[in-house]
Amino acid sequence: MFLKKKDTTPPQPKASRTEFRAMYETVFPILFRIAYRIANSEEAAEDLCQEAFFRLYEKNMVFPNPEEAKYWLIRVVKNAALNYAKRKDRERKAYQKAFREDARVVDTGEHILIKRQTRKEIKEALEKLPENLRIVLILKEYGELNYKEIGRALGISEGNVKVRVFRARERLAGLLAKDGSYVS
């Protein structure tokens, strides 16, 4: 499934079901966490991940090794999730404009628990980060990828990933401190 094609070799058949299933079971949880954190929807995250695997299978994609396939899938899901999030934001703004709804968030009794409140504050602060910093932090913290894997997935150097993660954490801490939040 993941061997690189050479121009002189005949086309290879589609990957076996066991190879594809192994890839799916290994990579899906990572892709789901990434898509969920970007799209903020379980259903959308699942759909985006399924679509990425469908594209991989239907196009009979060929990679030098399973790791390259993993990084390709991460890029596909990341981009699809970003597009989904942008589209949903545009839809929300259009809806608010059309119906002149108030965009303010009203706290309810659901936010009594400190853990829930902290998650909400972190999520809001994370959304305020620039996209290039937010993505590396999502891949690092929620995707549980190391610096090298993030670099390969985004097409940037490992050193650049480290710098971005550091800057993202610093900005996130600053945003949380400005709001009076304390997160250890």
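Residue pairs whose Cβ atoms lie under 7 Å apart, sitting 6 or more positions apart in sequence or on different chains, and linking a residue in region 59-83 that is without any contact (Cβ under 8 Å) to a residue 40 or more places away in the chain and of a type in the set (A, V, I, L, M, F, W, C) to a partner that is surrounded by fewer than 16 Cβ atoms within 10 Å (Cβ to Cβ) and not in a loop (DSSP other than H, G, I, E, B), are VAL76/ARG55.
Could you pull out the residue among GLU121, GLU144 that is outside any helix (DSSP H, G or I), at pLDDT 80 or above and not hydrophobic (A, V, I, L, M, F, W, C)? Full working, then the answer.
Working: GLU121 fails: outside any helix (DSSP H, G or I).
Result of the check over GLU121, GLU144: GLU144.
Residues in region 84-101 that are among the small types (Gly, Ala, Ser) and either closer than 19 Å to LEU137 by Cα or in contact (Cβ under 8 Å) with a residue 12 or more places away in the chain (or both): ALA85 alone.
Scan region 38-61 and tell me whether some residue there is surrounded by 20 or more Cβ atoms within 10 Å (Cβ to Cβ) and either at pLDDT below 90 or in the same structural domain as GLY174 (by TED's automatic domain parsing) (or both). Yes, that holds for at least one residue.
The values are calculated or read from the model by the stated rules, or taken from the named source; none is laboratory data. Computed from a predicted model, the values in this text were never measured in an experiment. Cβ coordinates were reconstructed from backbone atoms using ideal geometry, including for glycine residues, and neighbour counts include every protein chain displayed.
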